[in-house]
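> The structure that follows is given in the form of structure tokens.
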Amino acid sequence: MKKNQQGMTFFGVMFVGMAIVLGAILMMKLIPPYLEFWSVQKIIGVIAKDSALPSMTPSEIRSSFDKRANIDTVTVIKGKDLEIGKDRGEVVVSANYSVVVPIVANLSALIEFQTSTQDGK
């Protein structure tokens, strides 16, 4: 009785290997912006829980954000980029920004981030 060979060909192995490498490269390039966004979310969450927030001026809120962002090495957004307003008597601090991550040559990924003090409510 004759058995057929089973398994992947050389080209199949190369294709799977290239797909794994490409996926790893994409992950290495796309994870850092998300880590920085989580830091921005954390900072805005801390500001939202601050009992002095209702009495703070917009410049004090921006200064507080900048100090905390400096500690967490957040470079993608500054306090001057925050949107500060009021909604139903509550101070609302929002951050909306985009990050362009170069992938290869002229291929880039655009990631848009948005967070607010109202997100946790």
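The values are calculated or read from the model by the stated rules, or taken from the named source; none is laboratory data. These numbers come from a predicted model, not from an experiment. Ideal geometry is used to build each Cβ from the backbone, glycine not excepted, and the neighbour counts take in all protein chains shown.
> From the set of residues in the stretch 64-89 that are of a type in the set (D, E, K, R) and under 18 Å from the mean Cα position of the chain (by Cα), which is nearest to THR117 (Cα to Cα)?
Restricting to residues being of a type in the set (D, E, K, R) and under 18 Å from the mean Cα position of the chain (by Cα), the top hit is GLU83.
> Something else about it: Can we say LYS42 is outside any strand (DSSP E or B) and touching a residue at least 60 places away in the same chain (Cβ under 8 Å)? Working first, answer last.
On the way: outside any strand (DSSP E or B): yes; touching a residue at least 60 places away in the same chain (Cβ under 8 Å): no.
For LYS42, the condition - outside any strand (DSSP E or B) and touching a residue at least 60 places away in the same chain (Cβ under 8 Å) - is not met.
For (1) over 26 Å from the mean Cα position of the chain (by Cα); (2) in contact (Cβ under 8 Å) with a residue 12 or more places away in the chain; (3) more than 25 Å from THR117 (Cβ to Cβ), each residue gets a yes or a no:
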residue	(1), (2), (3)
LYS3	yes, no, yes
GLY12	yes, no, yes
GLY17	yes, no, yes
ILE47	no, yes, no
SER59	no, no, no
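> Same structure, new question: Output yes when any residue across the stretch 9-17 is part of a helix (DSSP H, G or I), among the small types (Gly, Ala, Ser) and at pLDDT 95 or above, and no when none is.
yes
> Of everything in the stretch 49-81 that's among the aliphatic types (A, V, I, L, M) and surrounded by 13 or more Cβ atoms within 10 Å (Cβ to Cβ), which residue is farthest from PRO33 (Cα to Cα)?
Top of the filtered list is MET56.
> If you don't mind, there's one more thing I want to ask. Test of understanding: among LYS42, LYS29, which residue is of a type in the set (Lys, Arg), surrounded by 14 or more Cβ atoms within 10 Å (Cβ to Cβ), at pLDDT 95 or above and farther than 17 Å from SER116 by Cα? First the steps, then the outcome.
Details: LYS42 fails: farther than 17 Å from SER116 by Cα.
Testing whether each residue is of a type in the set (Lys, Arg), surrounded by 14 or more Cβ atoms within 10 Å (Cβ to Cβ), at pLDDT 95 or above and farther than 17 Å from SER116 by Cα leaves just LYS29.
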